[in-house]
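What follows is a short report on a single structure.
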Amino acid sequence: KGLFVMDGSRRSAHANAYFTGFGRSKRVVFFDTLLRQLTPGEVEAVLAHELGHFKHRHITRRMGLMLVLSLAAFALLGWLSAQAWFYTGLGVQPHMAAPNDALALLLFMLVVPVFSFFVSPVMARMSRRDEFEADAFAATHADGADLSRALLKLHQDNASTLTPDPVYVGFYYSHPPAAQRLARLQAAAVG
Ligand SMILES: [Zn+2]
């Protein structure tokens with residue numbers, strides 16, 4: 001539905017671009033900082049990457065997954081709120097004859113991060129897989145070399161490290177390290 005330019009320079013020098021929305025409200029957003037730094041060919045390659053996210057339905061799939069996970073979490077909360085051991089196990093004495101909803105919600109919020117911690121590498125990995133897919137799409141519909149140059153400029157400008165710790169990447173990186181993305185783009189260009 002539109003190509004938007006975000007007035008990002010007012011807040012920081014950070015440069016970025018993203019695709020968001022679904023149905024009739026899909027849009028690609030570029031930071032003005034990005035447009036200022038990239039050549040037209042590089043802008044086209046970044047646009048192709050964002051359209052790759054659309055083509056592969058990454059946003060829709062992500063929203064669907066979140067919906068299912070949220071419902072599952074609420075179902076679990078509903079079930080736990082009726083279990084006496086859930087309260088006593090956390091050192092709280094419930095009054096089972098009266099509603100414990102607020103108490104259950106509070107305890108649930110305290111406990112969930114302990115378990116969701118182990119879900120984060122799985123989610124991060126899925127996100128990185130989507131990035132590789134979007135890169136591959138960009139390399140076939142635009143110039144892969146342009147995308148490589150744009151990626152390098154982004155990393156340079158955002159002062160992000162080119163050699164992150166692999167374990168940290170596994171847990172927290174939603175995007176693959178630049179070296180991996182460049183290597184794949186190069187391999188695609190050769191092959
Ligand atoms: Zn992306």
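Just so it is clear, none of the values below were taken in a lab; they were calculated from the coordinates. Computed from a predicted structure; not experimentally measured. With ideal geometry, Cβ positions are generated from the backbone for all residues, glycine too; neighbour counts draw on all protein chains shown.
The figures follow:
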| quantity | calculated |
| --- | --- |
| Convex hull per residue volume in Å³, alpha carbons only, for segment 25-135 | 150 Å³ |
| Estimated vicinal HN-Hα couplings, Hz - segment 120-134 in sequence order (Karplus 6.51, -1.76, 1.60; Gly, Pro = x) | 4, x, 5, 5, 5, 5, 4, 5, 5, 4, 4, 5, 4, 4, 5 |
| Three semi-axes of the equivalent ellipsoid, the chain, Cα gyration tensor, whole Å, largest first | 42, 18, 16 |
| Helix-only [θ]222 nm of the chain, DSSP H runs n ≥ 4, -39500 (n - 2.57) each, per residue, nearest 500 | -20500 deg cm²/dmol |
| Highest-MSF residue in the chain out of Ala97, Ala124, Ala136 [GNM, Cα springs under 10 Å] | Ala97 |
| Packing-based ranking, highest mean first, of 147-160, 165-178 given that Cβ atoms within 10 Å are counted | 147-160, 165-178 |
| Residue among Asp143, Asp135, Asp101 with the largest mean-square fluctuation in a Gaussian network model of the chain, springs linking Cα atoms under 10 Å | Asp101 |
| Largest-first principal axis extents, alpha carbons of segment 59-112, Å | 43, 19, 15 |
| Derived scalar couplings ³J(HN,Hα) [segment 36-53; Karplus, 6.51 cos²θ - 1.76 cosθ + 1.60; whole Hz; x for Gly, Pro] | 6, 8, 9, 6, x, x, 5, 4, 4, 5, 5, 4, 4, 4, 5, 5, x, 4 |
| Fraction of beta bridges assigned by DSSP in the chain that are antiparallel (%, nearest 5) | 50 percent |
| Choice from Met63, Met109, Met123 with maximal GNM fluctuation in the chain (Cα, 10 Å cutoff) | Met109 |
| Using alpha-carbon coordinates, inclination of helix 144-157 to the longest axis of the chain, degrees | 60 degrees |
| Per-residue HN-Hα couplings for segment 106-116 [Karplus 6.51, -1.76, 1.60; θ = phi - 60°; Hz; x = Gly/Pro] | 4, 5, 4, 4, 6, 8, 3, x, 4, 8, 5 |
| Pairwise centroid distance, computed over Cα atoms, of segment 1-74 with segment 125-159, Å | 13 Å |
| For Met6, residues with placed amide H under 5 Å, excluding near neighbours | Phe30, Phe31, Asp32 |
